[in-house]
Structure formats: C-alpha cells, structure tokens
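Below is one structure, written out as structure tokens; the observations come after it.
The values are calculated or read from the model by the stated rules, or taken from the named source; none is laboratory data. Computed from a predicted structure; not experimentally measured. Methodologically, a virtual Cβ is constructed for each residue, glycine included, from the backbone with ideal geometry; neighbour enumeration extends over all protein chains shown.
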Amino acid sequence: MKATNLRFLQFIPAPAVALAIWLLSSRSSVSLPEDILGIDKIAHCIAYATLAVSVSFLFPCDRFVAAFWRTAFVVFVVTILYGALDEFHQSFVPGRDMSVWDWLADVSGAGVGIIVHRQFSKLKH
C-alpha cells in the first residue's frame, strides 16, 4: 500500500490522545506514585507533550520544518486551549478541581512536545 493511501492514519493520534486525557480527567482520582515530588505536574507535562506531538502529526513533516513558527503556533494554541478546556471540565468532576498550576504544566508540556517533534522532523527531513 502506498504511503499516500495511509495518510489518513495521521488523523488518529490527536483525537485518541485527547480522548485519553479527557477520560483520565473524568475520574475522581488518578493513581500516581506519591513518593515522587511534583509527579502530578510531571504527568500533566507528559500528557500534553504527547498531545502536542500527536497534533503535530496533522501537519506534513516538511511543512513542520519549513514553516516551523506558524505551524508550531497553531499546535501550541490548540494544545493549550484543550488544556484549559480540560481544566474547566475537571471543575465539574467530584474530587477534582480547576488549577492554573496544572494548566501551566500543560502549557510546558505543549512546548516540550513541539520541540521534540521538530527535532525528529528535522532528522526525517
């Protein structure tokens, strides 16, 4: 099968990761190791780095390299807006709350994800 026939696969990761984040944040509690300082913020950062990378897959690799700032801006805005929406969503979940600190960890993760994706895109391109 040609690569162009498989192009639709690039549209699967972003909704899948967004759904996973939404489902996890719909739970009253999520089990995390308590002996690691800041594990909650680390988990947010990793989740949103993963989301940013998966949103980046929506753009062709060469565009991500050639028009990096414009593409990165779109990926960043989409990712952090989703983070804000998810934080708002958590305010309705019993045992959870909306936190600016969690959202800032999401923002950090979005930046990390974009940088990681760019480095791999440059290697591929």
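At-a-glance table
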| item | result |
| --- | --- |
| Residue list for the range 100-125, filter: at pLDDT below 95 and either among the polar types (S, T, N, Q) or touching a strand residue (DSSP E or B) at 6+ places or on another chain (Cβ under 6 Å) (or both) | Gln119, Ser121 |
| Subset of the range 51-61 [more than 13 Å from Ile12 (Cα to Cα) and either touching a residue at least 24 places away in the same chain (Cβ under 8 Å) or among the aromatic types (Phe, Trp, Tyr) (or both)] | Ala52, Cys61 |
| Residue satisfying all of: in the range 82-107; of a type in the set (Gly, Ala, Ser) and surrounded by 18 or more Cβ atoms within 10 Å (Cβ to Cβ); nearest to Ala16 (Cα to Cα) among these | Gly83 |
| Whichever residue in the range 62-75 is surrounded by fewer than 18 Cβ atoms within 10 Å (Cβ to Cβ) and touching a residue at least 24 places away in the same chain (Cβ under 8 Å) and, among such residues, is farthest from Lys122 (Cα to Cα) | Phe68 |
| Odd one out for His44, checked against (1) over 20 Å from Trp103 (Cα atoms); (2) of a type outside the set (Val, Ile, Thr); (3) assigned to a helix (DSSP H, G or I) | (1) |
| Residue under evaluation Ile114, criteria (1) over 13 Å from the mean Cα position of the chain (by Cα); (2) part of a helix (DSSP H, G or I), criterion not met | (1) |
| The range 8-41: number of residues that are part of a helix (DSSP H, G or I) and within 30 Å of Lys122 (Cα to Cα) | 14 |
